[in-house]
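Accompanying notes for the structure given below.
The values are calculated or read from the model by the stated rules, or taken from the named source; none is laboratory data. Fair warning: this is a prediction, and the values are worked out from it, not measured in the lab. Please note: Cβ atoms are built from the backbone with ideal geometry, for glycine as well, and neighbour counts cover all protein chains shown. Heads up: the accessible areas ignore ligands, DNA and RNA and are worked out on the full protein's heavy atoms, side chains in. Shrake-Rupley method; radii C 1.70, N 1.55, O 1.52, S 1.80 Å.
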Amino acid sequence: MWEQIAAIFSVGLFQNTIRNATPVILAALGGLFTEHAGIMNIGMEGMILTGAFVAVAFSFTFASAPMGVLLAVLVGILIGLFFALFVVKLKSDEFIIGMTLNTFASGLTIFLLRNVFGQTGTWATKAIKGLPAVDIPLLEDIPFIGPILSGHSIFVYISWILVFVVWVFLYRTPYGFWMRASGEHPEALETAGVDPVKMKVLASVLCGIFCGFAGAHLSLGYLNCFTEGMSASRGFIAFACVVFGMANPPKVFGAALLFGFLQALGLRLQSVGVPSDLTAAVPYLATVLMLVYIVASSENRKKRRAKKETKLEVEAENV
Amino acid sequence: MKILKKIDTKYIATLVFSIVVALLIGAVLMAVTGFSPIKGYSAMISGALGNPRLIGNTLEKAMTLCLLGLATAVGAKGGLFNVGGEGQLFFGALAATMTGLWLSDLPAVIVTAVALISAVVVGGFYAWIPAVLKVKIGVSEVITTIMLNTVAIKICTYLVNGPWNSPLKSLTKGTDYLPETLRFTKLITASNLSTGFIGGAVVAFLIWYIMKMTSVGLEMKVTGENYRFAKFAGLKSDKIMIWSMVASGAICGLVGMLLIYGYQGRMTDSVSNEFYFDGMLVAMIMNYNPLGIIIMSVFFAILSTGATMMDLTVGISAQIYDIIFSVIIFLMAAQKGISTWVDHKRLQQKAKAKARKEIDANVGTDSSNI
């Protein structure tokens, strides 16, 4: 019994947690911007998928991983602008545009994969150059923690730094302040002389860039291949993490790690006879429950505050 | 004549324009990747309508798209976005299959009736959960339905490949096949088209009738368009919202049953390949207009089955269908946005001109006073 548990909670479990969580962390950090700017962005799925494809395609063409990442980011900017054009400028329904973006990305990547590169299903050759893994000196020598934290693909560490950078951007710079205002009080922001439309476009472009990172990490981080439908609803999970973490970078980071952990645990539990299909359903169910909890508790808080205020008012009147 | 008057010519012009441009973009994509667009599109048309069998498949696909599109429309008219139709469809299909298998000794009529009820109830129940969460607590139904989709598909995959997997060895995993007596009779031999099509058509007509011709439909519309107004007008908006979502889920469950009893014959983990999302996009293109959805699903069914055949014969990937589909939506969204933007600008200019005139007039009177 104890041996089995020890076998499940091994170094590999935590390594996989980090591996699974990283693309979600990157995409969710992008989703933070749009969420704060007041855009419901469910198009992240398509953005990640496109990023993954572009990264592989150009890593293959130029035989260089950095070129793949660079192009993935450039395409991410274009998608962000495209998304903003519809959602912000033309005021289309963000839900419809997001869903359509996902369908479009899924169709276009498979079409190009099959008809331009002549591959079906998975595309993996040696010519696709991957991103380097980073060994952290000193840290890697610590038993147990060392192998968990060290030796990952470079974007894992970049994503950790970005959590901090995004937090500073959102809460300690004027741009972050304006971006949050563009979602909460666009009229107030306009009165203050900043164009909320510009901030929303910026948020959308930043989201495109981060999803480009997520896609590039997904395809070039470990396996150096592209698979049809590779994003595998990570965009939706990232969206769930943003909601889950109440659009606060460190909390969103924690939510993404939790998802990664559940995913990794599911695969491990398969060895004890727990079916992986059922464990794979757990994160999604957990999101629904968490959402219910968040919304219900915030409603409660509002009600309590309202009660308190009316009480104070009544007291004030009595005095 | 009355119906003809109601048709929005501007909308139809946009639609036709978008479709033509999307097909042209598809042609460009084919040409760029080294295929002849004429060959591609002719393969698509002959692949969808070339012989009776293919026409049958196309009609079956049209029915599926149409019912799922109507399911989206029913939810959307009531004010809730049902993105979870895929999961409801999976559970409906599973329920119908398992009741069929468990009760296979009873007379076929009874079994079919029970299977129908179970599919509808299960599908409806699975839509009821997010509806109640939205109406009573305020959790966004878009997110919950997306999440519940995956939950349903994973659970079905587990059951179909695990405990309820067929003991007979076959190439792909799935439940046992339903006995022939239970399956719907084919309308065209060897095609996917069965008597289920008639049932589907009746349901589609009923939905159109209820939404357009009855007070229930009007109440749904009012609730969906303006929740507060509906509430002040004395409608039971919460109830209407929940029930329109349940109806949407029930239709998805029914489609699941029609797929199994119509041509698939057993439940597998690939009973639906994101069919619901296609239906949803059709509904979005047609602005949730029931009649429009019915007509447009035939067009998209031709594209869809044609694209699959084109993939097999010419080698152009069937995903061109997804691309054409989404380009149409983008173009229509763009047109809508641009026209409202232009209208807005025009109104603004008019208001400015009017204000200027007033100022001029005021200045005139002011100077006379001095």
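Cut-off 10 angstrom, C-alpha nodes, Gaussian network model of chain A. Which of A:Ala281, A:Ala55, A:Ala296 fluctuates the most?
Among A:Ala281, A:Ala55, A:Ala296, the largest GNM mean-square fluctuation belongs to A:Ala296.
With each pseudo-label sitting 7 Å past Cα toward Cβ, what's the B:Lys345-A:Gln270 distance in nm, one decimal?
With each label point 7 Å from Cα toward Cβ, the separation is 5.6 nm.
Taking amide H atoms as placed 1.01 Å from N in the peptide plane, list the residues 5 or more away in sequence, or in a different chain, whose amide H sits under 5 Å from that of B:Ser194.
B:Leu187
Could you work out, residue by residue across A:283-290, how many beta carbons of other chains sit within 10 Å of that residue's beta carbon, and then give the average as an integer?
5
Compute the distance in nm between two label points, each set 7 Å from the Cα along the Cα-to-Cβ direction, one at A:Val197 and one at A:Tyr222.
4.4
Hey, what's the Kirkwood Rh for region B:277-370 if you take every pair of different alpha carbons, in angstrom?
17.4
Can you give me the distance in nm between label points at A:Ser298 and B:Glu225, each placed 7 Å from the Cα along the Cα-to-Cβ direction?
Each label point lies 7 Å from its Cα, and together they span 3.0 nm.
How much net charge surrounds A:Asp277 when only the other residues with a Cβ under 13 Å from the Cβ of A:Asp277 are counted, with Lys and Arg +1 and Asp and Glu -1?
Result for the local shell: +1.
Under a GNM of chain B (C-alpha, springs under 10 Å), which listed residue has the highest mean-square fluctuation: B:Asp311, B:Asp105, B:Asp238?
B:Asp105
Could you state the angle between the C-alpha long axis of helix B:52-77 and the longest principal axis of the C-alpha atoms of chain B, as a value from 0 to 90 degrees rounded to the nearest 10?
50
Going by average Cβ density within 10 Å per residue, which order do the peptides A:162-168, A:47-53 take, highest to lowest?
The most tightly packed comes first, giving A:47-53, A:162-168.
Given the protein assembly as shown, report the % of alpha carbon pairs whose separation exceeds 33 Å.
So the pairs more than 33 Å apart make up 54 percent of the total in the protein assembly as shown.
So for region B:213-370, averaging the separation of alpha carbon pairs under 8 Å that are six or more residues apart and normalising by length, what relative contact order in percent results?
Taking the mean separation of contacting Cα pairs over the length of region B:213-370, I get 9 percent.
Could you quote the convex hull projected area for chain B, Cα atoms only and averaged over all directions, in nm²? Could you put the intermediate results ahead of the total?
Values: hull surface 106.1 nm².
The orientation-averaged projected area of the Cα hull of chain B comes to 26.5 nm².
Which number comes out as Rg/Rh for region A:167-319 once both Rg and the Kirkwood Rh are worked out on C-alpha atoms? Please list the in-between numbers first.
Numbers: Rg = 21.2 Å, Rh = 19.1 Å.
Taking Rh as the inverse mean 1/r over Cα pairs, Rg/Rh reads 1.11.
Comparing B:Gly123, B:Gly34, B:Gly292, which has the greatest mean-square fluctuation in the GNM of chain B with Cα pairs linked when under 10 Å apart?
B:Gly34
One quarter of the convex hull surface, Cα atoms only: what value does that give for region A:168-235 in nm²?
On the way: hull surface 23.4 nm².
Taking the Cα atoms of region A:168-235, their convex hull projects to 5.8 nm² on average.
If we sort B:210-219, B:192-201 on the protection proxy, mean other Cβ atoms within 10 Å, highest first, what's the order?
Taking the mean over residues of other Cβ atoms within 10 Å, the ranking is B:192-201, B:210-219.
Return the ratio Rg/(2.2 N^0.38 Å) for region A:88-185, where Rg is computed over Cα atoms only.
1.66
Rounded, prolate or oblate: pick one for chain A, where a ≥ b ≥ c are the square roots of the eigenvalues of its C-alpha gyration tensor, a/c under 1.5 means rounded, and failing that, prolate if a/b is larger than b/c, else oblate. Working shown, then result.
Details: a/c = 1.90, a/b = 1.29, b/c = 1.47.
Oblate.
Give the A-B buried accessible area in Å², both sides summed, 1.4 Å probe, nearest 100.
Summed over both sides, the interface buries about 3600 Å².
What number in nm² do you get for region A:219-304 if you take the convex hull of its Cα atoms and divide its surface by four?
7.2
Using alpha carbons only, how many degrees (0 to 90, rounded to 10) separate the axis of helix A:11-36 from the longest principal axis of chain A?
Once rounded, the angle reads 40 degrees.
Contour minus end-to-end for B:Ser140 and B:Thr308, with contour as 0.36 nm per residue of separation and end-to-end as the Cα-Cα distance?
Difference between extended and current length: 56.9 nm.
How long is the gain from B:Ser270 to B:Val363 if the chain were fully straight, where each residue apart is worth 0.36 nm and the alpha carbon distance is subtracted?
Going from the current span to full extension adds 26.0 nm.
Within 10 Å, count the other beta carbons around each residue, average over each peptide in B:344-357, B:40-53, B:143-156, A:27-40, and list them highest first.
With the highest mean Cβ count within 10 Å placed first, the list reads A:27-40, B:143-156, B:40-53, B:344-357.
With a cut-off of 16 Å, note down the residues of region A:277-300 whose backbone N falls inside the zone around a label point 7 Å from the Cα of A:Lys251 toward its beta carbon.
A:287-300
How large is the convex hull of the Cα atoms of region B:220-310 per residue, expressed in Å³ as a whole number?
That works out to 118 Å³ per residue.
If you bin every alpha carbon distance in region B:261-330 into 10 Å steps from zero, what whole percent lands in each bin?
18, 43, 33, 6
So, counting K/R as plus one and D/E as minus one, what does the shell of residues with Cβ under 15 Å around B:Ile240 add up to?
Here the charged neighbours net out to +4.
Within 10 Å of each Cβ in peptide B:148-155, how many partner chain Cβ atoms are there on average? Round it to a whole number, please.
6
Excluding B:Ala333 itself, calculate the net charge of residues whose Cβ lies under 12 Å from the Cβ of B:Ala333, where each Lys or Arg counts +1 and each Asp or Glu counts -1.
It works out to a net charge of +1.
So if each residue of separation counts as 0.36 nm, and I subtract the Cα-Cα distance between A:Arg172 and A:Glu140, what length gain in nm does that give? Working shown, then result.
Working: separation 32, 0.36 × 32 = 11.52 nm, distance 3.34 nm.
So the chain would gain 8.2 nm between A:Arg172 and A:Glu140.
What average number of partner chain Cβ atoms lie no more than 10 Å from the Cβ of the residues making up A:107-113? Walk me through the numbers before you get to the answer.
Numbers: counts 11, 7, 1, 6, 12, 4, 2.
Mean partner shielding for this stretch: 6.
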